[in-house]
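A short worksheet on the structure shown next.
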Amino acid sequence: MKKLVNLLTCDKSIWLYPNGFCLLDRGRSNSRQFFRYADGDILSVKALEFFQMEGNDQPEVEVVVANEPPVIVPKELYQHEDALKFVALQFDATKVADLFACEMEPYKLIYFLYQNEKNALDRLAFSKQIVSYWGLIQKHVHQEQHPDNMILVAEHEGFLDFYVEKKGKTILMNRFHYVTPEDELYYIMNVKKQCHLGGAEVRIVTENNRSPLKGLVKKYLDNYLWID
């Protein structure tokens, strides 16, 4: 995930995932720790410890929101005051605290903080920038040379994120949960089939350079690029 991290402007960042959060400080030799969610206010406590905050220090921290796939709305239909209605079509809107949107032609991507996430972040006396994880993925893709037909897979522990372009246009952004490497391969092959992208290049971005998926990809895919 170094490619995505390098797109951030701040050294310190908090990455919010569905199963936990990651704290990263590039100012300390890319020091990085992942924490699973547990009872209590673990996010704010661990962030204070990790970033070694003292007194009235108020560093600038980027909060990368990767807790859920974005709600994708055609730009001409998007109105900020109606954003929660769109979110409610896919998620439990009663748990949503803050809504944000970024532009990805020809769409608006709605992303959000759950109430427990907002509560934890509000306890931190940091200057915070909220960043769309999916916006980072698109920015990474468009900074690199890539074919018009491409499937980008971001592998995390327990879930895969897909960003798919066909004929140069974004056609899919979604997340799938897995248990085994065979599950991962199934989702990749199924996306290729459902999107009619049999010959598309598959680019896999991973947090684990020892991923067991590597052997399966080598065996079953002809056109792929592994990005550690």
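General observations
- Candidates are the residues of the stretch 130-152 that are of a type in the set (S, T, N, Q) and not in a loop (DSSP other than H, G, I, E, B); the one that is least open to solvent (accessible area, probe 1.4 Å) is 132.
- In the stretch 130-173, residue nearest to residue 202 (Cα to Cα) [restricted to those that are in contact (Cβ under 8 Å) with a residue 40 or more places away in the chain and small (Gly, Ala, Ser)]: 154
- Those strands (runs of 3 or more DSSP E) lying entirely in the stretch 29-129 with at least 1 residues without any contact (Cβ under 8 Å) to a residue 24 or more places away in the chain and open to solvent by 70 Å² or more (accessible area, probe 1.4 Å): 31-36
- Just so you know, in the stretch 20-34 the residues that are among the polar types (S, T, N, Q) and modelled with pLDDT under 90 include one that is farthest from residue 163 (Cα to Cα), and it is 29.
The values are calculated or read from the model by the stated rules, or taken from the named source; none is laboratory data. Since the model is a prediction, treat every value here as computed from it, not as a measurement. Positions of Cβ are backbone-derived with ideal geometry, glycine not excepted, and every protein chain shown enters the neighbour counts. Only protein heavy atoms, including side chains, enter the accessible area calculation; ligands, DNA and RNA are left aside. Shrake-Rupley method; radii C 1.70, N 1.55, O 1.52, S 1.80 Å.
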